[in-house]
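See below for the structure under consideration.
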Amino acid sequence: MKYNERLQNVTVLGAAGKMGSGILLLTAVEMADLSLKPENKSKTFVLNAMDVSPEGLAGLMNYLRVQVLKLAEKKTVLLRKVYADRKDLIENREIIDQYIFDVLNIVRPVTKLEAAYDSNLIFEAVSENKDLKVKLLSQIDQNNKNNPWFFTNTSSVPINIIDREANLEGRILGFHFYNPPAVQKLVELINTDDTDKEMIEFSLEFAKKLRKIIVPSNDYAGFIGNGHFMRDTLHGISEVENLTKEMSFAEALYSVNKITQDFLVRPMGIFQLVDYVGIDVVQFIMNVMNPFLDDENLHSSLLDKMIEIGVKGGQNSNGSQKDGFLKYEKGKVVAIFDPEKKDYVEINSFKEKCDAVIGDIPDAKVSWKSIIRNRKKDEVLKDYFNTLKTMDTKGAKLAVKYGDRSKEIGKKLVADNVAHNEDDVNTVMLTGFFHAYGPVNEYFG
């Protein structure tokens, strides 16, 4: 089956979710662009947006309309060529409206799994629950005569297990988009020894059409991204616990979050990142990974306590950040949650004290925003971290220790055959997590 044919009937499972909606948008645009080619204009393209929530699907269609409008406005010149034979489309607005119609006309919002029984390709973006994934994919495969291919967006469950338990005979691979899929350039590609080779070739072509950067990962629970992130998080939690011997919990968490952002020149602190992903999601991923690890225990009683209290972080339906370890007002961090008090402590009540204990960074001008597009980034960072390592402040020492641990995690991912090489680890953290530098570097260790 050719590339175009494979994309004539596609289903996205969990289409109304945070990840599913982005995957659906990208796929809908690619399918619409194919359908508008002269050789395909007599063919039918169908994209099933499958979700159990009718309300979610209604919101999804509004999301698609808004996003496709933005895309159309950016490529009006190209669309004029696409619709060159349409004499009724004269104004840019008419062309844009037609393109929106053509993209949305492909999408079929559905709540019944039966819609996937005719699809050639299924994207799975349901919750990170192995049993649910196996159940859905197995049911589709048993009722679909097309021997469909399955692209799972799992960020932690080994592909070989889903393949074996759903009896898919190698017709599945991990195609892990990063959040949000419409913006993030990175896709982790995970296949097994049994993965259909034609399927791998198709996935590479599809990623190229979506302008994604592919990083291959071997089939180990958590893969590269979560393999690093989960361990990085646990180190942050460990440092908080150590600091509580000399300061309050809120002060300790504030300090570690600040150090991981400002001192390590990252886009956000480690606990802000955990909030963004969702405390419950992070805990769940650790629980998925843990049974496959012999030499370590990915578990945190602090995460357990936060979940027990009901503080989970994550995003609201409009994309705004929910309160987690940190409390947010208009996107700004204003307080830290204390699990013992079961309440937030305002940062202003201790910020000055903590900042004095932590000390200053080597150069206040070196920040993630300033460095990310700096052509002399490597030179600036090398000088910055060399200075950091000479400083005797608490913040500098904790930052160096954190950087050393991050590098150790990255190198172990290669040693454990999760990543093919150190460059792949660095690419995932640079591209998927927007870090200014990879964990395996000359700055630390």
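What follows draws every value from the coordinates through simple rules; no lab data is involved. The shown structure was predicted, so the numbers you read here are calculated from the model rather than taken from an experiment. All Cβ positions, even for glycine, are placed from backbone atoms using ideal geometry, and neighbour counts span all protein chains on display.
What to note about this one:
- The stretch 24-95-the stretch 347-422 distance, computed between alpha-carbon centres (Å): 43 Å
- In the stretch 260-335, the trypsin sites (Lys or Arg not before Pro) that fall in loop regions by DSSP, at most 14 other Cβ within 10 Å: 330
- Ranked 368, 149, criterion: other C-beta atoms within 10 Å, fewest first: 368, 149
- Kyte-Doolittle mean at least 0.0 and Cα axial length at least 30 Å: DSSP H helices in the chain: 54-74
- Straight-distance crosslink candidates among lysines, where the alpha carbon sits under 17 Å from residue 376 and sequence neighbours closer than 8 are dropped: 365
- Dipole of the stretch 3-217 computed with +1 at Lys/Arg Cβ and -1 at Asp/Glu Cβ about the Cα centre; of 191, 3, 111, farthest Cα towards the positive end is 3.
- The structure shown yields percent of Cα pairs over 30 Å apart, and of the options [x] 42; [y] 57; [z] 49 that calculated value carries the label [z].
- Each principal axis of the Cα atoms in the stretch 1-102 has its own extent, and those three values, largest first, are 41, 33, 18 angstrom.
- By average C-beta atoms within 10 angstrom, highest first, the peptides 188-196, 223-231, 203-211: 223-231, 188-196, 203-211
- Subtracting the Cα-Cα distance of residue 101 and residue 322 from their residue separation scaled by 0.36 nm leaves 76.2 nm.
- In terms of surrounding Cβ atoms within a 10 Å radius of their Cβ, 96, 214 rank from fewest to most as 214, 96.
- Fully extended contour minus Cα-Cα distance, from residue 423 to residue 338, at 0.36 nm per residue: 26.7 nm
- Loop trypsin sites (Lys or Arg not before Pro), the stretch 364-445, which have at most 11 other Cβ atoms in a 10 Å radius of their Cβ (DSSP): 365, 373, 375, 376
- The stretch 92-180: trypsin sites (Lys or Arg not before Pro) in DSSP loop, at most 13 other beta carbons within 10 Å: 112, 145
- The stretch 314-343 and the stretch 215-247 have Cα centres lying 21 Å from one another.
- Net length gained if the chain between residue 297 and residue 375 were fully extended (0.36 nm per residue, minus Cα distance): 24.1 nm
- Mean-square fluctuations from a GNM of the chain, with a 10 angstrom spring cutoff on Cα atoms, peak among 21, 156, 42 at 42.
- Using Cβ point charges alone (K and R +1, D and E -1), the dipole size of the chain about the Cα centre works out to roughly 1560 debye.
- Fewest-first ranking of 429, 247, using other Cβ atoms within 10 Å as the exposure measure: 247, 429
- Principal axes of the stretch 225-432: Cα extent on each, largest first, Å: 44, 43, 38
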